[in-house]
Every structure is written in structure tokens, then in C-alpha cells.
1. Surrounded by fewer than 23 Cβ atoms within 10 Å (Cβ to Cβ) and closer than 23 Å to MET279 by Cα: which single residue out of ALA225, ALA153, ALA213 fits that description?
2. Hey, among ARG389, ARG429, which residue is charged (D, E, K, R), closer than 26 Å to ILE264 by Cα and not assigned by TED's automatic domain parsing to the domain that holds ASP278?
3. Go through (1) in contact with a Gly (Cβ under 8 Å, 6 or more places away or on another chain); (2) closer than 17 Å to TYR393 by Cα; (3) of a type in the set (Val, Ile, Thr); (4) in contact (Cβ under 8 Å) with a residue 40 or more places away in the chain and name the single condition VAL324 misses.
4. For ALA408, state whether it is under 25 Å from the mean Cα position of the chain (by Cα) and either of a type in the set (S, T, N, Q) or over 24 Å from PHE303 (Cα atoms) (or both).
5. Tell me yes or no: at least one residue of the stretch 93-103 is among the basic types (Lys, Arg), farther than 15 Å from GLY154 by Cα and surrounded by fewer than 24 Cβ atoms within 10 Å (Cβ to Cβ).
6. Going by what's in this entry, would LEU75 be described as outside any loop (DSSP other than H, G, I, E, B) and either closer than 27 Å to TRP179 by Cβ or among the acidic types (Asp, Glu) (or both)?
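The values are calculated or read from the model by the stated rules, or taken from the named source; none is laboratory data. What you see is a predicted model; the values in this text were computed from it and never measured. Quick reminder, even Gly has a Cβ in these numbers, built from the backbone with ideal geometry, and neighbours come from all protein chains shown.
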Amino acid sequence: MKKLSSLLIVILLTLSSLQAQIAADKSGTYLISQKDGNPFFWLGDTGWELFHRLDRDEAAHYLKTRSRQGFNVILSVALAEVDGIRKPNRYGDMPFNNIKTLEWDITPGNDPKDSTQYDYWDHVDFVIREAAKRKMYIGLLPAWGDKVVPGAAGPVIFTDEKRAYHYAKKLAERYKDQWNIIWILGGDRQSVEYKNNRITADYRPVWRAMARAIEESCGKEVFIAYHPRGGSSTSKNLQQEGWLDMHAIQSSHGSREVQVWNQIADDLKLTPKRPVLDMEPCYEDHPVNPWDGKWTRSKRGYFDDYDVRARIYRGVFAGGCGTVYGHHQIWQFVDTTRNAPIWVGDTIIGWRKALGAKAATHIHHLKELMLSRPDFNRVEDNSLIASDRGSDYTNEIIATRNLKGSYAMIYLPRPEPVTISMNKLKEGRKIVSWFNPVTGKKKKVRGRHEAEQETFNPPSQSQKDWVLLIDVR
């Protein structure tokens with residue numbers, strides 16, 4: 001009887017863990033865990049080359065560090081961008097025996113001490129399991145977009161729906177019982193290409209084939225997203241796709257001026273309604289627009305921790321269901337003893353040192369702040385701001401509140417006074433605090449706060465950005 005009871009417990013725990021994947025809430029505005037229905041704030045990191053460039057010890061160190069820093073989704077690519085199907089991984093293994101037939105290079109056994117057993121896909125298995133140990137999801141891209149869309153290193157191997165379907169089916173069958181997989185199609189590519197407002201290429205049939213294979217193996221409730229090209233949103237060409245569970249934007253690295261919060265607000269107005277997030281904001285220590293050959297440190301410089309926070313906080317306050325952080329030398333795991341760095345400007349940091357970059361240690365405060373409030377039913381409401389709220393990326397203030405009006409959060413990109421219409425929140429005792437997005441610490445603002453409007457001054461001018469918190473009791 002004891003053995004039967006133990007077996008039943010194991011089965012129930014297994015079934016429970018398989019239900020742990022995320023989903024959109026009933027309103028279609030934020031994410032929840034299917035396991036318990038609680039809000040899920042997506043705090044991702046782009047480890048695009050994780051499977052391809054790190055060995056077991058390095059991968060475990062990376063995941064351990066990111067887990068400690070509060071990240072809960074790691075985005076990585078099964079068939080990596082940087083020559084991922086022709087250049088072997090750290091163990092000398094490649095994903096395919098034959099690129100033309102897409103025959104997987106699989107060997108019997110999976111002992112990492114035996115190179116004849118431990119193959120490319122065994123290593124992918126290991127990394128996914130290591131993430132699961134730390135209760136982290138892997139945002140798994142079956143392939144980078146250049147394996148579908150021509151014009152980059154590629155090579156293009158998914159030339160038709162049949163090849164895409166069979167590859168994705170095999171991948172999905174391998175991981176259908178792994179609870180911590182979030183599927184992400186795309187990979188820095190548009191699903192449709194245009195010239196003079198006319199469609200010149202439509203790759204949606206290929207992505208649909210992959211989505212169909214994933215849903216057939218994992219069930220219709222499986223969560224599937226799409227990572228678009230820089231400067232675009234999935235809402236443009238994938239709004240009516242039934243397999244898409246969330247809209248994603250890539251605000252990217254070409255400019256500091258990007259006001260992604262406007263795109264997020266627009267995408268939340270669409271029908272059918274889906275949660276929205278910026279899946280690739282500006283990366284910390286990424287040169288600003290290095291691709292035209294005119295970059296210099298003095299002319300354009302790098303995105304710093306403030307640039308990252310100023311974009312990410314406003315995107316979330318505009319309605320984003322989470323966010324993704326990235327470091328330019330982490331996604332490619334810069335190690336000059338093994339690989340030439342890509343577009344790093346004039347500074348080599350190296351991936352190990354970059355793990356401790358400033359914004360990487362700040363951004364978990366945003367997740368904790370959002371999860372600290374009683375509900376996720378919130379909207380952007382800039383009518384709370386009675387003073388000038390600014391108009392561009394340098395000064396635009398964004399406010400969010402829950403539907404009940406029992407709390408509000410206002411992000412200030414500058415340490416300047418702000419006047420708030422307190423009467424737009426529900427009646428009750430107002431508790432006001434300043435929240436420091438660098439430290440996560442709060443400082444209470446004394447007073448009864450009974451006026452219809454009240455002006456608040458940030459507690460320090462040396463800290464660039466602040467969040468004003470108002471809770472109604």
C-alpha cells in the first residue's frame with residue numbers, strides 16, 4: 001500500500017509539473033501560471049548561443065547566476081544564429097548528420113564522460129534540465145530565422161512546410177513532457193517581407209507548419225510566441241494566427257529614441273487580444289547602431305543600465321506582461337579565445353564579467369515590484385499625471401494603475417517634480433512612496449495626501465530615474 005501511495009504521489013507531482021507552463025489570463029492582457037493561476041511576470045534573458053557555445057559547467061554557472069538575479073525565462077536557440085548547423089558545439093558535435101536530409105546526429109547513450117555517447121541534442125537536454133532545476137523556463141526557438149529567411153549566414157534549410165513540420169515535430173516530441181519549455185518561433189526575422197507596400201515573400205506557411213507540429217505533440221494549450229525583426233511587432237503580420245499566444249516587439253539597438261511603450265499600448269487594443277512584451281529591448285553595453293560603419297564611442301556610445309531601465313519600465317507600465325533583458329556580450333557568450341566578437345564597438349567585456357553588469361542586477365526589482373501588488377488587472381493611465389508628462393524618450397512619464405484604482409505606479413525618467421491627480425484613484429487613505437529602480441528600496445512620503453492634486457519631488461537628483469508608488473487603503 002505504501003509503495004502504491006508513493007507511486008500515486010510521484011504521478012500527481014509529475015502531472016502537476018507538466019501543467020506549469022504559462023498562459024494568457026482571461027482578459028488577454030497578462031500571463032498566468034497554468035499550475036496555480038497566479039500572475040506570471042516574464043523576466044527573460046537572451047542567451048541565444050547557450051546550447052551552441054557553452055560547455056556543461058559554463059552553462060550551469062550562467063543559469064545559476066541568472067536564477068540568483070531573478071530571471072525566470074532564458075531565450076535560446078536549438079539551431080543557433082552564428083553558424084549553428086555547420087560549426088560544432090563545445091563538444092565537437094553538430095545537430096545534423098546531413099543538412100540536406102536534416103537527419104539528426106544522435107548517438108546511443110548520453111554519458112557526458114563518453115564523447116561517443118554525448119551528442120548535440122544530449123547537451124540541449126542537459127541545459128534544459130539545468131534550467132528546470134532552478135525553476136526557470138527555456139524560451140526555445142527551434143531555429144534562428146536565418147534558417148528560414150534568406151539573406152544571412154543561414155543556410156536556409158526550411159525551404160518548405162514539409163521540412164519545417166518534420167523537424168519541429170521531432171523537436172516537440174523530444175520535449176513534450178518537459179514542463180519548462182516556452183516555444184518561440186521566428187528569430188529576428190519578419191514572417192512577411194514587403195517592397196513598396198507589396199508582399200515579396202511570405203514565410204508564414206513555414207512557421208505555421210512548425211506551430212502545427214508543436215501543437216500536435218504538446219496539445220493546443222501549449223504556449224507559442226514569435227520573435228520578430230528589429231523595429232517591428234508580431235501584430236503586423238501574425239495578428240490573425242490562431243497559434244500565436246502573445247504579441248512580441250523587438251525595439252532593438254538602433255536608437256535611444258525608440259518609444260516602444262506606444263507600440264505596446266497599440267497592440268493591446270487589437271482583437272483578438274493578447275498579452276504583449278518587448279522581447280528584445282536595447283541590450284546593455286550594445287553599441288548604439290554599429291552597423292553603418294559610423295559608430296564611435298564619442299558619437300553614439302553604448303546603451304547603459306539607465307537606457308535599459310528607462311525603456312523597460314515604461315514598456316511594462318504601458319501594459320507589457322513582462323520584459324526581456326539582454327547583454328550584448330552575453331547573447332553571443334563572448335570569449336575571444338574561441339570566437340570573434342560581433343559588433344562590440346571598442347570594448348571587450350567577456351561573458352563571465354558581463355553577468356554582473358549593472359542592469360542585470362537591477363532589473364529583478366521590476367519583477368518583484370509588479371508581483372508585490374494585489375492584482376495584475378492594470379492599465380496605462382496617464383491622466384493621473386497633472387503636470388507636463390513629456391513627449392519623447394528623454395522625459396516622457398508613464399503611469400499605470402489597476403482597474404480598481406487601489407494602486408498606481410508612475411515612472412519618471414528624470415528626477416523632476418511631478419503633479420498627480422490623486423482624485424482619479426479610489427477613495428481612501430493614500431500611502432505614497434518613492435521606489436528606487438537601482439536598489440529596489442522604497443522611501444515613504446510623509447503626509448495625509450488628501451488634496452485632489454499633489455506635487456511630489458524625487459528624493460535625490462543623483463539618481464536619474466524613479467518610480468512613484470501610490471497605494472490606497
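1. ALA153
2. Sole residue among the options that is charged (D, E, K, R), closer than 26 Å to ILE264 by Cα and not assigned by TED's automatic domain parsing to the domain that holds ASP278: ARG389.
3. (2)
4. Yes.
5. no
6. When the stated conditions are applied, LEU75 passes them.
Here is a yes/no grid of residues against (1) surrounded by 18 or more Cβ atoms within 10 Å (Cβ to Cβ); (2) in contact with a strand residue (DSSP E or B) (Cβ under 9 Å, 6 or more places away or on another chain); (3) in a loop (DSSP other than H, G, I, E, B); (4) among the β-branched types (Val, Ile, Thr):
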position: ASN423; (1), (2), (3), (4): no, yes, no, no
position: LYS426; (1), (2), (3), (4): no, yes, yes, no
position: ILE431; (1), (2), (3), (4): no, yes, no, yes
position: LYS444; (1), (2), (3), (4): no, yes, no, no
position: ALA451; (1), (2), (3), (4): no, no, yes, no
position: GLU454; (1), (2), (3), (4): yes, yes, no, no
position: PRO458; (1), (2), (3), (4): yes, yes, yes, no
position: SER462; (1), (2), (3), (4): no, no, yes, no
position: LEU469; (1), (2), (3), (4): yes, yes, no, no
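To keep it simple, each residue is scored yes or no on (1) surrounded by 19 or more Cβ atoms within 10 Å (Cβ to Cβ); (2) at negative phi.
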residue	(1), (2)
GLN263	yes, yes
ASP267	yes, yes
HIS286	yes, yes
GLY293	no, no
VAL308	yes, yes
HIS328	yes, yes
ASN339	no, yes
TRP351	yes, yes
